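A short write-up of the structure that comes next.
The values are calculated or read from the model by the stated rules, or taken from the named source; none is laboratory data. Owing to the predicted nature of the structure, the values given are computational and were not obtained by experimental measurement. Note that we place each Cβ from the backbone using ideal geometry, even for glycine, and neighbour counts take in every protein chain shown. For accessibility, only protein heavy atoms count, side chains too; no ligands or nucleic acids. Shrake-Rupley method; radii C 1.70, N 1.55, O 1.52, S 1.80 Å.
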Amino acid sequence: MTDANRIAIEDYHRRTKHALTGYARGPGGLDWPNQPDPFRTFRGAPRHSFGLGADGVATPFAALGLPGAVAPVPLEESSLGILIEVSLGLSAWKAYQGDRWALRCNPSSGNLHPTEGYLLCPGVPGLPGGVYHYAPAEHALELRAGPTDDWNAAFPPGGVLVALSSVHWREAWKYGERAYRYCQHDAGHALAAVRYAAAALGWRAVLLDAWGDGDLAALLGLDRPEDFEGAEREHPELVLWVGPSAQSPAPDGFLACAPSLRWEGQANRLSPRRLWWEAIEEAEAAARKPRTCPQDEPGADLLPPVLPPPTRLSAPDLFRRRRSAQAYDGATPMPAEAFFALLDACLPRRGVPPLDAFPWPPRLHFVLFVHHVRGLAPGLHLLARSREGEEALRDHVETGWAWAPVEGCPPHLRLRLLAAEDFSQAARIVSCHQDIAADSAFSLGMLGEFDAALSEGPWAYRQLLWEAGALGQVLYLQAEAWGFRGTGIGCYFDDEVHRLLGFRGETFQSLYHFTVGAPLEDPRITTLPPYAHLER
């Protein structure tokens, strides 16, 4: 069955590639009356409203790059509220000509937000134990299931579980078959956002990779059709152990409690009607993860500390300030120091968020289109995020490129210049003819170790895309911290990237694009506070 599932995932990936000759299958237009509600709620579930406490956290963003620099705060209701506020909560409202829409701390393709957040906790000061769904518009928890007698005992001391699910329809409404990819990107962004928020509190956050999708569905109530009657279903993605404790739990103790959990609440319907995309359903079925053995913590290269960014903002302020650029000025150069620092932050280091949350070594590498970096000539570069990755890239990239060292680059960064010439037009073309890929300081494509990952199981496809989303979150926040702005690019011509590099076969696949530069602001759009409606 695993072989058939792998074939199904490979077929889905090929089927959903954009090409110069045609785009992946989508709706062909936006059906505005059926635009999904961005906020899931569970009618009848008791609510617990958090206070807004993020302004009271003074942790500098720059301190997050120094392991052990932030003393852990106590695990209690107020600190859990801050954790969720600056990871999955609202960051602002935007308004234009009578329309109003919310932004969140965790980015999303098209601002559609397919990711739902859950908190599973024992009783902590100020908050009873249970399974909670997070309602970001009200910054409140909805109690989906009250605890049993054994519930608290299932938790090791000093931590909680934060889980994520996806509502595929929210992305498919706009993006059709390719939406499944974007849901996984968004889960990766949200994972990284939670890890960053935990670090601001001095806590750890670790992805529990051994858990199966069935385990998570049972604990979140996602396997209860009666709670989703007439509503769009959610699909389990991942679960994190979060808190000051280094321990992390196995699923068995929680699953023993699941049959006696007392469930409450009925999911709201997000659209009056919706389309079902067969390709997404097939991919979701093929990529379901069973319970597996936990992976050993990967060894990390001994790297120097990341260069601290010049920002004086606190971590929560930077998390809420992050935005996606809509356009770039096409001229402002990025200092080489900042460029190297952004790339350096994308290397995993023990104890440094968010990449230390992943229990596997790096599987993604960058092809970079450098346009406006002071001290560097425009050109095409490769960054390998591991020694093994560099060896594999050299074996699979077409011969004839220069592979030259980059002047001024820190020696531990495996950054190589392939060709020194203007690649701005190529960057624009491979990113679906979008100017943001050419007018920035640089843009990049993330090259995933596709064949090697899928050999571990078809569910590794999701994990590759989570890693891509997490790297996007690093670039978003580092760009803001250095005075620039980033944006993720989900629309790109997959095989044009591969042809440019001369890839053979599917050893590597381009899985996400990103671009960073000096943004152009639209003065017509008004920015409003995220929770002014709660302060009245």
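Below are the figures for this structure:
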| quantity | calculated |
| --- | --- |
| Between helix 460-481 and the chain: long-axis angle, C-alpha atoms, 0 to 90°, nearest 10 | 80 |
| Accessible area of D451 in the full protein assembly, 1.4 Å probe (Å², nearest 10) | 50 |
| HN-Hα J in Hz across the range 147-164 - Karplus 6.51, -1.76, 1.60, θ = phi - 60°, x for Gly and Pro | x, 9, 4, 8, 4, 4, 5, 6, 8, x, x, x, x, 9, 10, 10, 10, 10 |
| Distance between the range 1-46 and the range 248-307 - C-alpha centres, whole angstrom | 17 |
| Label-point separation in nm, H412 to T507, each point 7 Å along Cα→Cβ | 2.7 |
| Segment R25-A420, extension gain: residue separation times 0.36 nm, minus the distance between their alpha carbons | 138.6 nm |
| Theoretical FRET efficiency, 1/(1+(r/R0)^6), r = Cβ-Cβ of R499 and Q326, R0 35 Å, to 0.05 | 0.75 |
| Average Cα contact separation per residue, the chain, under 8 Å, 6 or more apart, as relative contact order % | 20 |
| Most to least accessible of D495, D213 (protein chains only, probe 1.4 Å) | D495, D213 |
| Rounded FRET efficiency, nearest 0.05, which uses the C-beta distance separating R224 from E297 and R0 of 35 Å | 0.50 |
| Under 11 Å from the D3 label point (7 Å along Cα→beta-carbon), backbone N, the range 492-507 | none |
| In Å², nearest 10: area of F61 left accessible to a 1.4 Å probe | 10 |
| Computed label-point distance, nm, for sites A153 and L52 using a 7 Å Cα→Cβ extension | 4.3 |
| Protein-only accessible surface order, largest first, of E535, E264, E398, E284 at 1.4 Å | E535, E398, E264, E284 |
| Dipole magnitude of the chain, debye to nearest 20 (Cβ charges: Lys/Arg +1, Asp/Glu -1, about Cα centre) | 900 |
| Heavy atoms of T41: accessible area, 1.4 Å probe, square angstrom to 10 | 40 |
| Principal axis dimensions, the chain - Cα atoms, whole angstrom, descending | 66, 53, 48 |
| The range 172-331 - charge dipole about Cα centre, Lys and Arg +1 at Cβ, Asp and Glu -1, debye rounded to 20 | 760 |
| Cα gyration tensor shape for the range 15-71, rounded if a/c is under 1.5, else prolate or oblate | oblate |
| Solvent-accessible ranking of S424, S455, largest area first, probe 1.4 Å | S455, S424 |
| Calculated [θ] (222 nm, deg cm²/dmol) that DSSP helices of n ≥ 4 give over the chain, each run adding -39,500 (n - 2.57) | -8000 deg cm²/dmol |
| Efficiency of FRET between L528 and R273 - r from beta-carbon atoms, R0 30 angstrom, step 0.05 | 0.45 |
| Candidate lysines for bridging to K174, where Cα separation is under 25 Å - those fewer than 8 sequence places away on the same chain excluded | K17, K94 |
